[in-house]
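The values are calculated or read from the model by the stated rules, or taken from the named source; none is laboratory data. Owing to the predicted nature of the structure, the values given are computational and were not obtained by experimental measurement. Here the Cβ is made from the backbone with ideal geometry for all residues, glycine too, and neighbour counts use every protein chain on show.
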Amino acid sequence: MASSILDMSVSLDGYIADLNDYLGGEDDHRLHDWPDETFLDEWKACGAVVAGRRTAELMDHWGGDHNGAPIFVPSHRPPSPAARWGYPLVTYVQDGIASAMKQAKEAAGGKDVQVRCGAYTAQKALEAGVLDEIQIHQIPVLLGQGRRLFDVLPSLIELEIIRVIGTPEATHIRYRVRH
């Protein structure tokens, strides 16, 4: 059965970006300097992507598709012109994260849905109960301040560890969300 998997890099102190929205330091890549074929293969094998609007726009909607997978963007506002007319595999969903996830799972054809988003969308997915797994790439750096991934949660959320992979660049921990 297909799973929805939040996949995020975080600093040891829980930040996904610094106060200037850099992804870990002024070079803007510290939180993503850990390439590993295992995870690249997982990302390429997904059937659909759910991305927060801000993330999708910062990534220019991955050029209109994510390795051939359609992209669903939950948003309260209409899409930008590029997403509206230039990217046929990008769908803006204006009726909430649950609807976006449902549409993504249907489009994924039994494959996993990768959730690529910022903190707000991740928190809303947890609140709505539509997130099956969380994969954290914990980077050995302390940012000290910035944007936290799980700053606002609706309540206690229990997780089950299902995989841990240690590399010199990061500790990769995969959890199942207990609903």
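Identify, please: which residue in the range 127-169 is assigned to a loop (DSSP other than H, G, I, E, B) and polar (S, T, N, Q) and is, among those, surrounded by the most Cβ atoms within 10 Å (Cβ to Cβ)? If we take residues in the range 127-169 being assigned to a loop (DSSP other than H, G, I, E, B) and polar (S, T, N, Q), then Thr167 is surrounded by the most Cβ atoms within 10 Å (Cβ to Cβ). In the range 170-179, the qualifying residues are those that are among the basic types (Lys, Arg) and part of a strand (DSSP E or B), and the one that is surrounded by the most Cβ atoms within 10 Å (Cβ to Cβ) is Arg174. Taken over the range 80-89, the criterion of being part of a loop (DSSP other than H, G, I, E, B) and either surrounded by fewer than 20 Cβ atoms within 10 Å (Cβ to Cβ) or within 19 Å of the chain's Cα centre (by Cα) (or both) is satisfied by Ser80, Pro88, Leu89. Taking the range 90-122 as the range and being of a type outside the set (A, V, I, L, M, F, W, C), buried (at least 20 other Cβ atoms within 10 Å of the Cβ) and within 21 Å of Pro154 (Cα to Cα) as the test, the residues that pass are Arg116, Gly118, Thr121. Whether any residue in the range 44-58 is over 28 Å from Tyr15 (Cβ atoms) and assigned to a loop (DSSP other than H, G, I, E, B) is what I want to check. Taking every residue of the range 44-58 in turn, at least one turns out to be over 28 Å from Tyr15 (Cβ atoms) and assigned to a loop (DSSP other than H, G, I, E, B). Would you check if there is a residue in the range 150-159 being within 23 Å of Phe39 (Cα to Cα) and modelled with pLDDT of 95 or more? Yes, there is a match, as at least one residue in the range 150-159 is within 23 Å of Phe39 (Cα to Cα) and modelled with pLDDT of 95 or more.
Does the range 70-89 contain at least one residue that is in contact with a Gly (Cβ under 6 Å, 6 or more places away or on another chain), of a type outside the set (D, E, K, R) and without any contact (Cβ under 8 Å) to a residue 40 or more places away in the chain?
Among the residues of the range 70-89, at least one is in contact with a Gly (Cβ under 6 Å, 6 or more places away or on another chain), of a type outside the set (D, E, K, R) and without any contact (Cβ under 8 Å) to a residue 40 or more places away in the chain, which makes the answer yes.
Among the residues of the range 38-79, those identified as more than 16 Å from Gly110 (Cα to Cα), under 14 Å from the mean Cα position of the chain (by Cα) and small (Gly, Ala, Ser) are Ala51, Gly52, Ala56.
Of all the listed residues (Ser99, Ser9), the sole one being touching a residue at least 12 places away in the same chain (Cβ under 8 Å), in a helix (DSSP H, G or I), in contact with a strand residue (DSSP E or B) (Cβ under 9 Å, 6 or more places away or on another chain) and of a type outside the set (Val, Ile, Thr) is Ser99.
When only residues in the range 105-129 that are of a type in the set (A, V, I, L, M, F, W, C) and more than 13 Å from the chain's Cα centre (by Cα) count, which is farthest from Val90 (Cα to Cα)? The residue in question is Ala128.
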